[in-house]
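Worksheet: one structure, shown below.
The values are calculated or read from the model by the stated rules, or taken from the named source; none is laboratory data. Quick caveat, the model's predicted, so the values are computed rather than measured. Cβ coordinates were reconstructed from backbone atoms using ideal geometry, including for glycine residues, and neighbour counts include every protein chain displayed.
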Amino acid sequence: MFGKKKESPQIDKEQLELIQNAQKRIKQKKRLYIHFVLFLIGSLFLILANTVLEIGKNFTLFGKEWFLFAILIWLFFFIYHIFNVFVTHKFMGKVWEQKQLDKLMVQQKLRIEQLKNELKKEAPHIAESEHYNESLNKKEKTSELTVIVAAAENNAIGKDNKLIWHLSDDLKRFKSLTNGHHIIMGRKTFESFPKPLPNRTHIVITRQSDYKAPEGVIVVNSLEDAISAAKSDPQPFIIGGGEIYKQALLIADKIELTRVHENFEADAFFPEIDTSTWKETSNTLHSKDENHNYEFSFLTYERK
Ligand SMILES: NC(=O)c1ccc[n+]([C@@H]2O[C@H](COP(=O)([O-])OP(=O)(O)OC[C@H]3O[C@@H](n4cnc5c(N)ncnc54)[C@H](OP(=O)(O)O)[C@@H]3O)[C@@H](O)[C@H]2O)c1
């Protein structure tokens, strides 16, 4: 009366479906195997029929025995059979195909959700990473790194750590262009100033690790560091001297050049402007007068 209820094996629907599909696949593969054996026997029979039994002995196509074409046609059907079993799974039927697609889509959606969650967790670390910041800087590069220089016809810019000429309108132009901006310079140029220039943020490049500069002057050990120290500025200026110009010209976006139309003896020089890289966008001549001992031109170059 209170005997144990007989337990029937519990297989869920999905497992049952998997078993049925697996059985179908086994059947398909068996049929393919049988097809293969039949193909081999059939081909042998066709060859023997023609060569031994001499069936259709005189019938040829393009100079070849007919059995060759019969075997080739059969081979084509056999390959088609393989393709359907292993590539398209055609013999499993439309319903099976649809189910596979649905399953695949569900799996993809789950994977996408999983990746989204992982990304949310990783996002703060990624934002902090150096690589991310580098690529962000590249993408958002809106600043215009500008070289500003006064150079003679022979590219002379200075001698004994001093400027060679005094051109008041050029100094005025330098003042108005750089006013309120970051000015990046080599240690020697910085030391050529009696004191830091007003209303500009000075960035001094030196290889010395213990270089002392007045308060407010930023000291860095490379041009790259100087540029990143000025990254809040939409137009940082490279103001010299010769060593720094040489390095900066490779990465600058713009040159504001005052070309003094004379040749001078010097120990510091501006590099030659390569016109295949730079295009002149502005050129204004300033004549010699009572305040200016030399004729000069204000030129602007932009990177091509
Ligand atoms: N005509 C103009 O428009 C103009 C403008 C500016 C200057 N100038 C003239 O140019 C002359 C000075 O030019 P200069 O070529 O002799 O010197 P500079 O370029 O002003 O300074 C050279 C110094 O910068 C530092 N430096 C250079 N490359 C560096 C790097 N990659 N990493 C770290 N530090 C680096 C080194 O400092 P440490 O030795 O401390 O390591 C080096 O000795 C002066 O005569 C000046 O009057 C002319």
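Quick notes
- Of all residues making up the stretch 195-221, the number that are touching a strand residue (DSSP E or B) at 6+ places or on another chain (Cβ under 7 Å), of a type in the set (Ser, Thr, Tyr) and within 13 Å of the ligand (Cβ to nearest atom): 2
- Annotation note: of GLN235, GLN208, the sole residue that is in contact (Cβ under 8 Å) with a residue 12 or more places away in the chain, within 17 Å of LEU249 (Cα to Cα) and not hydroxyl-bearing (Ser, Thr, Tyr) is GLN235.
- Residue check, GLU290 touching a strand residue (DSSP E or B) at 6+ places or on another chain (Cβ under 7 Å), assigned by TED's automatic domain parsing to the domain that holds GLY180 and more than 11 Å from the ligand (Cβ to nearest atom): no
- Count - residues of the stretch 242-268 that are within 8 Å of the ligand (Cβ to nearest atom) and farther than 19 Å from SER222 by Cα: 4
- Of the residues making up the stretch 275-302, those that are within 34 Å of the chain's Cα centre (by Cα), in contact (Cβ under 8 Å) with a residue 12 or more places away in the chain and in a loop (DSSP other than H, G, I, E, B) are SER276, THR277.
- For the stretch 189-242, residues that are on the phi > 0 side of the Ramachandran plot and among the aliphatic types (A, V, I, L, M) total 0.
- Qualifying position, being more than 12 Å from the ligand (Cβ to nearest atom) and within 18 Å of ALA229 (Cα to Cα), among THR146, THR178: THR146
- Members of the stretch 255-304 found to be touching a Phe, Trp or Tyr at 6+ places or on another chain (Cβ under 6 Å) and of a type in the set (Val, Ile, Thr), listed by number: ILE255, THR258, VAL260, THR284
- Pair list, Cβ < 6 Å and 6+ apart or interchain, from the stretch 246-274 residues that are assigned by TED's automatic domain parsing to the domain that holds VAL149 and closer than 18 Å to GLN235 by Cβ to residues that are near the ligand (Cβ under 10 Å from one of its atoms) and of a type in the set (Asp, Glu): THR258/ASP170
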